[in-house]
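Report on the following structure.
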Amino acid sequence: MDDAPLIDPFARPITYLRVSVTDRCDFRCVYCMAENMTFLPKAELLTHAELDRLCSAFIGLGVRKLRITGGEPLVRRDILTFFRSIARHLRTGALQELTLTTNGSQLTRFAAELAECGVRRVNVSLDTLDPARFAEITRWGRLDQVLDGIAAAQAAGLRIKINTVALKGVNEDELFDLVQWCAAGDMDLTFIEVMPMGDIGGEDRLGQYWPLSDVRARLAERFTLIELAESSGGPARYVRLQETGQKIGFITPLTHNFCESCNRVRVTCTGQLFMCLGQEDQADLRAPLRAHPGDDGPLEAAIRAAIARKPRGHDFDYSRRRIDGQMPRHMSHTGG
Ligand code: SAM
Ligand code: SF4
């Protein structure tokens, strides 16, 4: 078997895999989903065993960081079985980090067990600290449930990073409250620009678009921003606020400032491998998984063939006040 690590045509090593384990969610965030979503039939989804084989194959090919996402990963039935199983790669040292992105609603139930599995850090999405506004943005969520989840995660020893989608006219006025709340709770904070992913049922994305250059400029009015050179190989840039010591990230996927260092690929809950969040090209990994239950050779060959097609970058562009490169699939499908 060929055990050379995965390197794409632009000499980028692929060391980071994000896997969506479900397209379902207990929230209906306005920028992410329409209120009436049609979800995939269960048979379409990879089973726990298939997810495990798929992730293990990537780890065997050099993936060192695995992020579980969705949809809401913690609403998938029995998802802790998957975490417990895949955690064996942390114990062998083959995997360096196992983590997840969650809306936080189920963390009171699962935080302690996740910590036992070896999860050290969790990204929790939270756009507002105002209960009424939270209900408006998430449609179905309750703020106190998420705040309790964050507290439970911290009590279990998990480090929390808050992800906040910057929403024009929605959470603009909470910028400093969010920064201070995160500083008080010893949490990093990353702002995300709204991306044109999937039909969201008549909501206006350009209306929601609040450029992070503006968020940054407003922060600079009150704080001293120290530029940090560090890169996660992803679309985030970081600064440290001198006054609070806090790290703030900016994820601006619509600019091309990160593609050259991209180290990641994504797999959907149906086993489609996307080599770039902003491109349609994909590879079906479910077919080789299901056609060869006892043999990972065809699966690995399919992964290698796909990585050999990873594009240089994406095509999103808001600059002409229309959404070029709009992606038909939802973020909850590919995994954010
Ligand atoms: N349900 C989990 C959560 O909300 O954290 C994980 C999946 S969610 C799709 C992952 C991240 O994508 C969240 O931080 C969410 O705010 C973000 N997201 C969803 N739709 C987005 C969009 N259209 N533009 C930018 N970020 C988006
Ligand atoms: Fe669910 Fe996360 Fe999408 Fe919100 S952003 S609807 S929590 S998947």
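Full-extension gain between Arg88 and Ala112, please, as 0.36 nm times their residue separation minus the C-alpha to C-alpha distance.
Numbers: separation 24, 0.36 × 24 = 8.64 nm, distance 1.74 nm.
Gain on extension, Arg88 to Ala112, equals 6.9 nm.
Run the numbers for Arg240 and Arg159: contour at 0.36 nm per residue of separation, minus the present Cα-Cα distance, in nm.
27.4 nm is the gain from fully extending Arg240 to Arg159.
Provide the percentage of antiparallel DSSP beta bridges, counting only those with both residues in the chain; round to the nearest 5.
The antiparallel proportion sits near 35 percent.
For a quick check: with amide H placed at 1.01 Å from N, whose amide H comes under 5 Å from Arg159's, ignoring anything fewer than 5 positions away on the same chain?
Arg121, Val122
Which of rounded, prolate or oblate describes segment 38-122 when judged by the alpha-carbon gyration tensor and an a/c cut-off of 1.5?
oblate
So what are the ³J(HN,Hα) numbers for segment 31-41, from phi and the Karplus equation (6.51, -1.76, 1.60; θ = phi - 60°), rounded to whole Hz, Gly and Pro as x?
So the Karplus estimates, Gly and Pro as x, are 8, 10, 9, 7, 5, 9, 9, 9, 9, 6, x Hz.
Quick one: if you stick a label point 7 Å off each Cα along the C-beta vector at Ala308 and Phe176, how many nm between them?
Each label point lies 7 Å from its Cα, and together they span 5.7 nm.
State to the nearest 20 debye the size of the charge dipole of segment 222-301 about its Cα centre, where the only charges are +1 on K and R beta carbons and -1 on D and E beta carbons.
400
Can you tell me the relative contact order of the chain? Whole percent, Cα pairs under 8 Å, sequence separation 6 or more.
22
Between Thr81 and Leu228, what is the label-to-label distance in nm when each label sits 7 Å out along the Cα-to-Cβ direction?
Result: 3.8 nm between the two label points.
Sort 16-28, 169-181 by packing, meaning the average of other beta carbons within 10 Å per residue, with the highest value first.
Ranked from most to least packed, the peptides come out as 16-28, 169-181.
Spin-label point model (7 Å from Cα, Cβ direction): what's the Ala217 to Ile7 distance in nm?
4.3
Only the coordinates and a few stated rules stand behind these numbers; no lab work does. Given the structure is predicted, the values throughout are model-derived calculations rather than measurements. Neighbour counts run over all protein chains shown; Cβ positions are idealised from the backbone, glycine included.
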